[in-house]
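Read the structure below first, then the notes.
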Amino acid sequence: MMITLYFIFNALQAALLAVYLALVGSEPGAGVVFNLSLSRLLLVAAVFAVSMVFAWLAYRSQRADSRIHRRAEALLDHEENIGLIFLGGVFLAAVLYFLLTRQTNWFGDLKLVYERLEPVLVWLALLGIQSAFMAAVWYCAHFMRQGDQSGVSQDLAELPALFGVYLLFILVKLALVTSTSYGPLGRGDEMTYFDMAESFYRGFFSVAQSHHYPPLYPLAIMPALVFREFIFEGIKFINVVLSSSIIFPAYFIARQFLDRKHSLIAVLLTCLIPYHLVYPRRILSENLYFPLFIWAVYITLTAPRNRRMRLQWDMLNGAMLAVLYLTRYISLAAIPFFMLAWWIKPFEGEGSLFRPGWKKIQHAVLLTLAMLAAYSPWLIAGLAEGVELKLILGFGVAAKTDPAALTLPRLLLWALLYVCYYILVSAPVLNLLLATVTQIDLRRWREGLGRLVFEMLALMAGFYVAVTRHSWRAYYNREMPSKIMGRYLIVFSVLYILIAMIVMRHFDRKRVKSKAKFIIWTGIFPFLLIVLANAVLIQGAIFPVDEYFMKALGSVDGFLTEILGPYFFLMVALLYGVEIFLLLTEKRKYLLPVFVAGMAVYYLSGYPAYYHSLMDYQTYPWLSGQIADLLPESNLKDQSGGKISVFLPAEHTSQDEAEIYNGLRVRGIDNTEILTDGVDPLGSMTNPRGFIIRQLKSAEETGEGLKVYTFNGQYFTIREVDHEALSEGG
């Protein structure tokens, strides 16, 4: 079935590409058939033929006794072949990315051919990435140990269900999440990432100008810029595909401890976290970083069944840490703790944790070298441009500080604030996380659940140090705590849910020595912790914090608890109470339904209010989309989009200006002139074409008989003006 799915995906993608190429058409006057030139017609036919070939392969591979199916399975039955497919896919994607990031003049006389083939090159790059991904999933399902049993692997028949969840999740997010996101918000990181992606696409990328953020996420979204009129929609689609893929490493981690059914349930619960509601809507690296982080946790936790593949797996582990670092600089703080988690993993031939043997030391050295090799292209490129080493390594983040604020009391304050934030993020499962203490055999803590918990705690420590230092030094926090960087800690919510599910499923009541102490430790104590955390972070009852300390667009897990209000405490108290009762009685069969229902209610009950809060940010991004619809197609590669002027209502803010400007820019309309209606005279417009946005008090107040645009309970008109209209009005 996996083989058939692979062919189906390729067939659908090629068919969609053929449709896109046909709809785009050719230059005016060059059409031969259906507004297509002969060369474009041949290209469409060739791509469609490839789609039909893949469809035929999908059809023929359905039967297990078919020749295609047998040959594919024979190929994939050898680890070396899967490794070659993975590396081949990565290499193909790298070559095509190299071509896509060249200036058009680099192709000389083939410039026009290249421009016409750009969408095809993107599809071929996708084919490489998809092949590498499918090879990785196949390997994890077929060749990895299940738990600590070296001879047991999972059943490949599980994968279609997992891919079914993945595709359904993508469709849900496209329909309910990203469909109401219309452009970048404010002046933050989104446009920095977009600028980097655009500079890659135009072939002008410079580390010296863009070292503040590493390059991997901008490279991930760069292909969307090829599809001119659909740039922002393309970026959102990439975000959805990337962020939804978190279910694969989450499933494989769960499968180390749980059966197929409970692993799928655990994965479905991870789909409820607010990360999936917020980040696919925005141009932010969390869409790539989160799934990569969970993959890194899985790779560090596990090992192949075939001991001869352990060295390659460990080198992959090192390369994966570099990939994390190339996505978010904060990964530097986590790398030593990933290494520590790798070190405690049992190794064949070691004497003990502190007597590793030369073979383990050799693996550690090669792991480190693989990490350095994977990171070296970014390092070499930066040094070649004369960028300071500390900046290439990410130490320029939060470099602007107020020395007067760098005091020990403020450092301790931030240390407490982040402890409280960890508590709020884990709140719905904190009782089960604390129950883990009673379930781990300390004599075998390096195995099974003990190793996973150790890895999670180690990584939490690394991130804790990084975020505490960052917020303590950040210039915007110099007067009082104004913003907590909860977005850096979202990666742990999935691990919390997985560990809670594992503990709940394998809970051994015999290990509970005292029911009274267990109730205090897993019920009363965690509830008091969340009351304290809420008082500190949300109520500001102990230390003064900014009114918007936890923002809907960043500290998503913490903001959800704020949205829930007093119901937060009620739901958590009920969850804790019922779960403790079921854990300590003979009614364990009700525990799973209660846990699933409780988690679903906890997350979903806050989503309507959360969604409404997100829509409050969308007015001017939406208006930018309406203006873009009135303009012709533009080309980011050669900056052919025409410049325009936009007059905003007099009561607009600087953020509104940024959102109109950026919303147009991600649609290929650059250097928009922003003016104020009623303040700046029409004659001050420097571009030949402009638009006046006016806000109405009601839908009936049309003013000049113009179309009324309605959004989020507000009414607007958009009037186009040009120089002739200006001279008449003058």
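Since every read-out is calculated from the coordinates, none of them should be taken as a lab result. Predicted model, so just to flag it, every value in this text is computed and none were measured. Here Cβ is always computed from backbone atoms with ideal geometry, including for glycine, and neighbour counts include all displayed protein chains.
No solvent, one uniform scatterer per C-alpha: report log10 I(q)/I(0) for segment 147-397 via the Debye equation at q = 0.12, 0.14, 0.16 1/Å, two decimals.
For segment 147-397, the Cα-only Debye profile gives -0.81, -1.05, -1.25.
How are the C-alpha pair distances of segment 1-140 spread across 10 Å bins, as whole percents from the shortest bin up?
Once binned at 10 Å, the Cα pair distances of segment 1-140 give 12, 32, 33, 17, 6, 0.
Excluding residues on the same chain fewer than 8 positions from Lys359, give the lysines whose Cα lies under 26 Å from its Cα.
Lys345
Using Cα centres only, tell me the gap between segment 477-501 and segment 304-328 in whole Å.
For segment 477-501 versus segment 304-328, the Cα centre distance is 26 Å.
Calculate the spin-label point distance for Ile8 paired with Glu115, positioning each point 7 Å from the Cα along the beta-carbon direction, and give it in nanometres.
Label at Glu115, label at Ile8, 3.9 nm between them.
About the Cα centre, and with charges only on the beta carbon of Lys, Arg (+1) and Asp, Glu (-1), how big is the dipole of the chain? Nearest 20 debye, please.
With only Lys, Arg, Asp and Glu charged at Cβ, the dipole is about 3580 debye.
Once mean projected area of the Cα convex hull in nm² is worked out from the coordinates, which option in (i) 36.9; (ii) 47.2; (iii) 30.6 does it equal?
Computing mean projected area of the Cα convex hull in nm² and matching it to (i) 36.9; (ii) 47.2; (iii) 30.6 gives (i).
Looking at Pro544, Ala597, Ile674, which one has the Cα that reaches farthest to the positive end of the dipole of segment 541-691 (charges on Cβ: Lys, Arg +1; Asp, Glu -1)?
Ala597
With +1 on each Lys and Arg Cβ and -1 on each Asp and Glu Cβ, how big is the dipole of segment 9-125 about its Cα centre, in debye rounded to the nearest 20?
Charge dipole of segment 9-125: 280 debye, to the nearest 20.
Explain nothing, just the number: dipole magnitude of segment 414-615 about its Cα centre with +1 on each Lys and Arg Cβ and -1 on each Asp and Glu Cβ, in debye rounded to the nearest 20.
820
Amide H of Phe691: which non-local residues (sequence gap of 5 or more, or other chain) have their own amide H closer than 5 Å, using H built in the peptide plane?
So Phe691 has HN proximity to Ser645, Val646, Phe647, Val721.
List the trypsin sites (Lys or Arg not before Pro) within segment 59-123 that fall in a DSSP loop (any state other than H, G, I, E or B) and whose Cβ has at most 16 other Cβ atoms within 10 Å.
Arg63, Arg102
Could you tell me whether segment 268-385 comes out rounded, prolate or oblate from its Cα gyration tensor? Rule is a ≥ b ≥ c as square roots of the eigenvalues, rounded for a/c under 1.5, then prolate if a/b exceeds b/c, otherwise oblate.
In terms of gyration-tensor shape, oblate.
Quick one: net charge of Leu442's neighbours, Cβ under 15 Å, K/R +1, D/E -1?
The answer is +3.
Pairing the Cα long axis of helix 286-301 with the longest principal axis of the chain, what angle in degrees results, from 0 to 90 and rounded to the nearest 10?
Relative to the chain, helix 286-301 is tipped by roughly 20 degrees.
Could you tell me the distance between the Cα centroids of segment 435-463 and segment 348-426, to the nearest Å?
21
Work from the charge dipole of segment 147-397 (Cβ charges, +1 for Lys and Arg, -1 for Asp and Glu, about the Cα centre) and give the residue of Met339, Gly351, Ala224 farthest towards its positive end.
Gly351
At most 15 other Cβ atoms within 10 Å and a DSSP loop assignment: could you name the chymotrypsin sites (Phe, Trp or Tyr not before Pro) in segment 158-244 that fit?
Phe204
From the helices alone, meaning DSSP H stretches of at least four residues, give me the mean residue ellipticity at 222 nm for the chain, per-run term -39500 (n - 2.57), in deg cm²/dmol to the nearest 500.
Dividing the helical sum by the residues of the chain leaves -19000 deg cm²/dmol.
May I ask for the distance between the Cα centers of segment 183-220 and segment 82-136, given as a whole number of Å?
20
Cα gyration tensor of segment 232-285, axes a ≥ b ≥ c as square roots of the eigenvalues: rounded (a/c below 1.5), prolate (a/b > b/c) or oblate?
It is prolate, given that a/c is not under 1.5 and a/b is the larger ratio.
If the reach is capped at under 24 angstrom between alpha carbons, list the lysines near Lys643, excluding any in the same chain fewer than eight residues apart.
Lys707
Among residues other than Trp138 whose Cβ falls under 12 Å from its Cβ, what is the net charge (Lys/Arg +1, Asp/Glu -1)?
Here the charged neighbours net out to -4.
With a sphere of radius 13 Å drawn around the Cβ of Leu316, what net charge do the other residues whose Cβ falls strictly inside it have (Lys, Arg +1; Asp, Glu -1)?
-1
Putting +1 on Lys and Arg Cβ atoms and -1 on Asp and Glu Cβ atoms, find which of Ser243, Gly690, Asn712 reaches farthest to the positive end of the dipole of the chain.
The listed residue farthest towards the positive side: Ser243.
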